[in-house]
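For reference, the structure discussed in these notes is given below.
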Amino acid sequence: MPLLAGHLLLAVTLLAPAFATDAVTLGIALFLFGLGNGLADVSMNAEAVEVERDRGKAIMSSMHAFFSIGTALGAAYGWLVQTVQLAVLPSFVIAAALAVGFAFVAMALLPKRGAEPDVTTSELLAVSRASGDSRPGKSTRTVPISQIVLLALLAFVLMLAEGVASDWSALHAVDVLGESEATGAIAYGAFAVSMTVARFMVDFVVRRFGSVAVVRFGSLISAVGLGIVVVSPAFWVALVGWTVFALGVAGVVPQIFTAAGNLPVKKRAVVLSRIVSAGYVGMLAGPAVVGWVAGFTDLSIALTVPLVLCLLGLVGASSVRAAAGGSSAKPTSGDAEGTAARPGS
């Protein structure tokens, strides 16, 4: 029900900006649209965790790849309505109708689920073993609280870095490397395409090497990519950097969401919503932080901020393994992380 409600609210509030008459009403319209988007996003990730658990193998990154495809299709739709000069309201109505239609189709295809089950003793013990704590008698809230904090922090810093690419990749090419705006747009295009392709491949890597390895090495690769961008003397070098950055960061956030959705606590969806929210705060804050630092220095130096934050993934990667102990999915023979029951690996 929250999944359908989120998409219906998203579709209805999409129409609100078309009726906005000034900055205040537009702000209110976008606030309402954000509420719908947040509800839909958390519900989709929560359902994705359940589907992944049912299938017993990693598929979360592939699901996030369709988010990237949807973004590209949305941009293509915007180009189309501009080309044919369709008025704002009709174009929003068509988009809202498509969103409602896809929402009902998705709901019809999803399996029916009952209430979320309470955490079990076996799930609690799995998390205790995975986190290196075998002391008996710990409550279901005591064991994973550090994991919740770590996962929220990881989501914040890594989505902050991801958000930087969306807002600053093209501007870096224009302002620092002296390219035209049309050429600069290629930088973000390379990032977006690379991320989409990588997300379809990451699930296979997770099944072979585990979620912790994906987060750890993905964070390192992301930092290397941003390092290439920072020192790039030419546009083609920066293009390589943004591509490498996308390949690294592509699979990290899906593993964080999977781990959050498998925490052995009651109301897992609530915990997942808080971790997802932390990530979106980071994504919104990232471009602003880089812009603020760039105002005192320059853009290349400012990009070292997300570079350093990516390195935090090396430190916090183990939180994904420990949190994943609550999954009911069976480990595979390729489990390189030693997890008792990691979802989808």
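The values are calculated or read from the model by the stated rules, or taken from the named source; none is laboratory data. Here the structure is a predicted model, which means the values were calculated and not measured. So basically every Cβ, Gly included, is an ideal-geometry build from the backbone, and we count neighbours across all protein chains shown. Just so you know, the surface numbers come from the protein's heavy atoms only, side chains and all, with ligands and any DNA or RNA stripped out. Shrake-Rupley method; radii C 1.70, N 1.55, O 1.52, S 1.80 Å.
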Exercise. At least 1 residues that are out of contact with any strand residue (DSSP E or B) (no Cβ under 6 Å at 6 or more places or on another chain), of a type in the set (Lys, Arg) and on the phi < 0 side of the Ramachandran plot in each: list the helices (runs of 4 or more DSSP H) lying fully within segment 176-294 that qualify.
Key: 181-209, 211-231
Quiz item: Taking segment 1-14, which residues are more than 19 Å from LEU109 (Cα to Cα) and open to solvent by less than 50 Å² (accessible area, probe 1.4 Å)?
Solution: LEU10, ALA11, THR13, LEU14
Quiz item: Among the residues of segment 163-182 satisfying the criterion of being under 19 Å from VAL252 (Cβ atoms) and open to solvent by less than 20 Å² (accessible area, probe 1.4 Å), which is farthest from the chain's Cα centre (by Cα)?
Solution: SER169
Quiz prompt | Looking only at segment 48-67, and only at residues there that are crowded, with 20+ Cβ neighbours inside 10 Å and not aliphatic (A, V, I, L, M), the one that is nearest to the chain's Cα centre (by Cα) | solution = HIS64
Exercise. Working carefully through the options PHE19, PHE33, find the one that is among the aromatic types (Phe, Trp, Tyr), surrounded by 18 or more Cβ atoms within 10 Å (Cβ to Cβ), in contact with a helix residue (DSSP H, G or I) (Cβ under 8 Å, 6 or more places away or on another chain) and at pLDDT 85 or above.
Key: PHE33
Quiz item: Among the helices (runs of 4 or more DSSP H) confined wholly to segment 1-120, which include 3 or more residues that are aromatic (Phe, Trp, Tyr)?
Solution: 60-83, 88-109
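Condition check ((1) surrounded by fewer than 24 Cβ atoms within 10 Å (Cβ to Cβ); (2) under 21 Å from ALA317 (Cβ atoms)) across all residues:
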residue	(1), (2)
VAL249	no, yes
VAL252	no, yes
ASN262	no, yes
VAL270	yes, no
ARG274	yes, yes
LEU284	yes, no
PRO287	yes, no
TRP292	yes, no
